[in-house]
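Notes to accompany the following structure.
The values are calculated or read from the model by the stated rules, or taken from the named source; none is laboratory data. Bear in mind that the values here come from a model prediction, so they are computed numbers and not experimental data. Every residue, glycine as well, gets a Cβ built from its backbone with ideal geometry; the counts of neighbours run over all protein chains shown.
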Amino acid sequence: MSNPPAAQAPKSELRGHAVRIFANYARLGSTLTIGILVVPLMFRWLGDEAFGLVALLGANIGLAAIFRQIMQQSLVRELGSAYHAGDQPFRRAFAALYRLSLIFAILTALTFGAVIATLPLFKIPDGMLTATVWFVVAQGVQTAAMILFSPTLNMYLVVERFVAYSVWFVTLRATQLVAVLLLGWGLRIEDPASGLLWLGVVWSGLSILVYLAGMIDLIARDRRLMPTFRRPEPGAIREVMGTFSWNSGVQIAMNLHEQIPPVLLNLVLGPLANAAWGVGFRLVAYIRMATTGMQFGSDAVSARLAKEGGDEARAKLQRLVNIQTRLTSVVALPAGMGVFLYAYPILHLWVGGQVEDYAAVMPDAVLMTRVLAAALAARAISDTWVIVLYGAGFVRSYAPLVITGGAIAPLAGLVLMFVLPDHLVAIGPAISFTAVFCGLHLFGIPIVAAKCLHLSPAGLLGSFTRPLLAVAIGAAAGLGVLFATGDATSLGFGTGPSEALGNAMRPIPLLGSMAVFGTVTMGAIFAVALRADDRQRLLRLVPARFQRSKTTSTTTAQ
């Protein structure tokens, strides 16, 4: 069946989507600022190897914290379905989910214990093993607390309190920045080992306080959200495990994509490779972050629509996935191309002045960033379909595909590290990561989504072909500026990144190129990528007062 023609969504539905997207982007802009500040501060305070160690620990903690990811990503659909079914079904599901959260918190503690036991196997700088152990212990306590409270905290999304969630989440992310500033510049702890130890303790402690604040806020509004560890009703856990178990497999697979590469890099190359991956992956993660504002919360919306049932609800789901795909594409593709083109200037200006061993970190970081830019753009687009399908209850349909990719990517990355030339070994995991997302996810998942939602696969795939053309036009214009000014080498494509090249960069031509790329891309998207109804929606955002003023000015001129 072909894609249905676009229909005018109810004003209340459009207003809800607008509030969700606005709140998401306010949150993402704030967390982006925090991330931009934290990375160079940590390089300056702890040094290259300690920063690389934090990146490695992030991967190990990510593997150990898989139950947190499962709970966070799997609860929204289960809670939403029960919440919209009435009081008794909600209480029944809520008690079952708290029992699961308790079990997962205990499993998380055991998993963190296993991580601590394996730490001596990794390439950890001399004198930092004890600090590393305490960092992991502190993060384990914080992670277990998050898992334990997750049924209540996820209710921010279920009840669609997106603004409140954004405020809470930004506060949570700011705890790392506060900890770094307090320890590195307030207390002036100079020893990297002591700094790492206390960073783990203070960061985790502040995070737990933020969890408790969110709990108090939610429980004050709805007493049913009080944590309960009473024995759930017979069969209640089995009911919520329906899509929960499949989505757990999906979350494990996605976790392997992100967390295994730093482990492989450390075992084969050491902590400086972790530093390169840490800064490079942090940069490309902003591609996906830029699109999360469009997507975040749509699983709660699709869960509500699926619960309503009927032809009207299905039409709303179709409209939701179509609009989300187009909007995500016009954000993800320009962001991905921008990171690919300007990776070196951005990384040099961001952390180049703080890196101690420039030659060992920056070239690999730039290569990783450029390879991963395509992967994160592809993932951002495919996440649109995954999130809507998950909320609507179709996780069984796409889970096998995602799980297959999660198994293939780490193995392929390991093989590539042993067959690639020496100067490319560090990007082996990035290449396999990108191949899976640009292959299985970008072209496999839309086929599944189209079947589940009665849409055309070609229609979903075609949603990002026009934005891709617009991005190509913008990239040509941006590169044209640098070739015209003789600054094309500043991108580091030909000679490769070096400290001398970085110091010789001329900021004005680079900024001019970025500005032209952004401006031309936006114009091309408006003219080429957007449909007529999309352009009309954007024009409706122009304040009526401005439109009246413009009309009055035109009349006066006549």
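State which residue is farthest from GLU258 (Cα to Cα) when the search covers only the range 478-489 and only residues that are touching a helix residue (DSSP H, G or I) at 6+ places or on another chain (Cβ under 6 Å) and in a helix (DSSP H, G or I).
The first filter runs over the range 478-489 and keeps only residues touching a helix residue (DSSP H, G or I) at 6+ places or on another chain (Cβ under 6 Å), leaving 478, 481-482, 485, 487-488.
Then keep just the ones that are in a helix (DSSP H, G or I); that gives 478, 481-482, 485, 488.
Details: GLY478: 31, VAL481: 35, LEU482: 34, THR485: 39, ALA488: 32 Å.
Looking at the filtered set, the residue picked out is THR485.
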Return yes or no: is LEU416 assigned to a helix (DSSP H, G or I), more than 30 Å from GLY512 (Cα to Cα) and of a type in the set (A, V, I, L, M, F, W, C)?
yes
Considering every residue within the range 370-393, establish whether at least one is farther than 18 Å from ALA276 by Cα, of a type in the set (Phe, Trp, Tyr) and either within 19 Å of the chain's Cα centre (by Cα) or surrounded by 21 or more Cβ atoms within 10 Å (Cβ to Cβ) (or both).
yes
Just to be sure before I move on: is ASP299 of a type in the set (Asp, Glu), part of a helix (DSSP H, G or I) and either within 24 Å of GLY29 (Cβ to Cβ) or within 16 Å of the chain's Cα centre (by Cα) (or both) in the structure I sent?
yes
Across the range 414-447, what is the total count of residues that are free of Cβ contacts under 8 Å to residues at least 60 places away in the same chain, β-branched (Val, Ile, Thr) and under 30 Å from GLY310 (Cα atoms)?
1
With the checklist (1) modelled with pLDDT of 80 or more; (2) not in a helix (DSSP H, G or I); (3) not acidic (Asp, Glu) in hand, flag the one item ARG319 doesn't pass.
(2)
Taking the range 190-204 and keeping residues out of contact with any helix residue (DSSP H, G or I) (no Cβ under 6 Å at 6 or more places or on another chain) and free of Cβ contacts under 8 Å to residues at least 60 places away in the same chain leaves GLU190, ASP191
With respect to VAL210, is the statement that it is closer than 30 Å to PHE90 by Cβ, of a type in the set (Val, Ile, Thr), in a helix (DSSP H, G or I) and in contact (Cβ under 8 Å) with a residue 24 or more places away in the chain true?
yes
Condition met for ARG314 (in a helix (DSSP H, G or I), surrounded by fewer than 21 Cβ atoms within 10 Å (Cβ to Cβ) and out of contact with any Leu (no Cβ under 9 Å at 6 or more places or on another chain)):
no
Any residue in the range 340-369 that is modelled with pLDDT under 95 and crowded, with 24+ Cβ neighbours inside 10 Å sitting within a Cβ distance under 8 Å of a residue that is outside any loop (DSSP other than H, G, I, E, B) and among the acidic types (Asp, Glu)? List the pairs, counting only those 6 or more apart or interchain.
VAL355/ASP48; VAL361/ASP48; MET362/GLU499
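Quick one: in the range 338-372, of everything that is aromatic (Phe, Trp, Tyr) and touching a Pro at 6+ places or on another chain (Cβ under 8 Å), which residue is nearest to ARG44 (Cα to Cα)?
Filtering the range 338-372 down to residues aromatic (Phe, Trp, Tyr) leaves 340, 342, 344, 350, 358.
Restricting the remaining residues to those that are touching a Pro at 6+ places or on another chain (Cβ under 8 Å) gives 344, 350.
Values: TYR344: 19, TRP350: 12 Å.
Result: TRP350.
Select from the range 218-234 the residues that are assigned to a helix (DSSP H, G or I) and either aliphatic (A, V, I, L, M) or at pLDDT 95 or above (or both) and write down the one among them that is surrounded by the fewest Cβ atoms within 10 Å (Cβ to Cβ). Give the derivation first.
At the first step, the residues of the range 218-234 found to be assigned to a helix (DSSP H, G or I) are 218-221, 223-225.
From what is left, the residues that are either aliphatic (A, V, I, L, M) or at pLDDT 95 or above (or both) are 218-220, 225.
Numbers: LEU218: 22, ILE219: 15, ALA220: 9, LEU225: 19.
The selected residue is ALA220.
Residues that are of a type in the set (S, T, N, Q): find the helices (runs of 4 or more DSSP H) completely inside the range 121-186 holding 2 or more of those.
Working: elements: 129-153, 155-158, 162-181.
Ranges flagged: 129-153, 162-181.
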Residue check, ARG282 surrounded by fewer than 23 Cβ atoms within 10 Å (Cβ to Cβ), farther than 22 Å from VAL158 by Cα and modelled with pLDDT of 75 or more:
yes
